[in-house]
């Protein structure tokens, strides 16, 4: 089972989606399952994990409704208020949904200590009690706070999005490399090989620009905790779906067949508890 572990859907709203600035014009339209399905078929990808792009309960409902209509959406990572007084009750109401696998908050937009706050750890511990994972979306400067969070939640499965967004275009820093390795030391953390092309120079990146990040991810996490993600449609700022898949596929030629099976589906299936059908 080949899985794209990270992509998004939206019906474009210029107010809600104000993060899509004018220079990101290629993203200022609807991106829905019918747009992605032909790309998956051509790439021989069997299923995807759809990840929240908006911080609202309606976003979770939107993605779950798409998953009900399209079997290739094997899992949904939604959004929920981690500090809500009725968090457990909200999660209990989601229990009948087989598609909902975890939650994410756009922590990269928060203060650097956001993930290390006790109330956030308490909320994420509650997610774990209900069987949900948590996606970590951060910049390199927030890696230390992420490590504190993970240390406080040993029973929760964490998935690090986009390798913590190393600044490939400017030059990968020691801050990223050491913080990334420290987070990888926790066995309950997996990592997505996703979102890297948009951390490189959008209009003139090369495969070799991404190789040091991919190599370090392999050294730190091992293939069993790495998963491919396209970050479609955000990737279109720097590359189409075919090229995003191709750069990871070419890099993965150095791996064994078993290791490639983890990167292109096995790790995602395990971390997100995905059904093969």
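What follows draws every value from the coordinates through simple rules; no lab data is involved. Predicted model only: the values in this text are computed from it and were never measured. We place every Cβ from the backbone using ideal geometry, glycine too, and count neighbours over all the protein chains shown.
Using just the alpha carbons, could you tell me how many Å³ per residue the convex hull of region 135-185 encloses? List each step's numbers first, then the result.
Working: hull volume 3.1 nm³, N = 51.
So the per-residue hull volume is 61 Å³.
Could you tell me which of rounded, prolate or oblate describes region 59-108, using a ≥ b ≥ c as the square roots of the eigenvalues of the alpha-carbon gyration tensor, with rounded for a/c under 1.5 and, failing that, prolate when a/b is larger than b/c and oblate otherwise? Write out the running numbers ahead of the final one.
Working: a/c = 2.62, a/b = 1.49, b/c = 1.75.
Judged from the Cα gyration tensor, region 59-108 comes out oblate (a/c at least 1.5, b/c at or above a/b).
At 222 nm, what helix-only mean residue ellipticity would the chain give, in deg cm²/dmol to the nearest 500, using -39500 (n - 2.57) for each DSSP H run of four or more? Present the calculation step by step, with values, prior to reporting the outcome.
Details: 10 runs with 102 residues, N = 277.
Calculated at 222 nm, the ellipticity per residue is -11000 deg cm²/dmol.
Of the peptides 87-99, 192-204, how do they stack up when ordered by the mean number of other Cβ atoms within 10 Å, highest first?
Peptide ranking by packing, descending: 192-204, 87-99.
Which of rounded, prolate, oblate describes region 1-160, given a ≥ b ≥ c as roots of the alpha-carbon gyration tensor eigenvalues and a/c under 1.5 marking rounded, otherwise prolate only if a/b is larger than b/c? All intermediate terms of the calculation are to be shown ahead of the outcome.
Working: a/c = 1.69, a/b = 1.36, b/c = 1.25.
Taking the square roots of the gyration eigenvalues as a ≥ b ≥ c, region 1-160 is prolate.
Quick one: Cα centre-to-centre distance for region 91-128 and region 130-204, in angstrom?
16
How do the peptides 184-190, 234-240 rank, highest first, by the average count of neighbouring beta carbon atoms within 10 Å per residue? Write down the numbers at each step before the final one.
Working: 184-190: 16.7, 234-240: 20.0.
Final packing ranking: 234-240, 184-190.
Once you order the gyration tensor axes a ≥ b ≥ c over the Cα atoms, which shape class does region 3-272 get: rounded for a/c under 1.5, otherwise prolate or oblate by comparing a/b with b/c?
On the way: a/c = 1.34, a/b = 1.11, b/c = 1.20.
Verdict is rounded for region 3-272.
Among DSSP beta bridges whose residues both lie in the chain, state the antiparallel percentage, nearest 5.
On the way: 1 of 25 bridges.
In the chain, approximately 5 percent of DSSP beta bridges are antiparallel ones.
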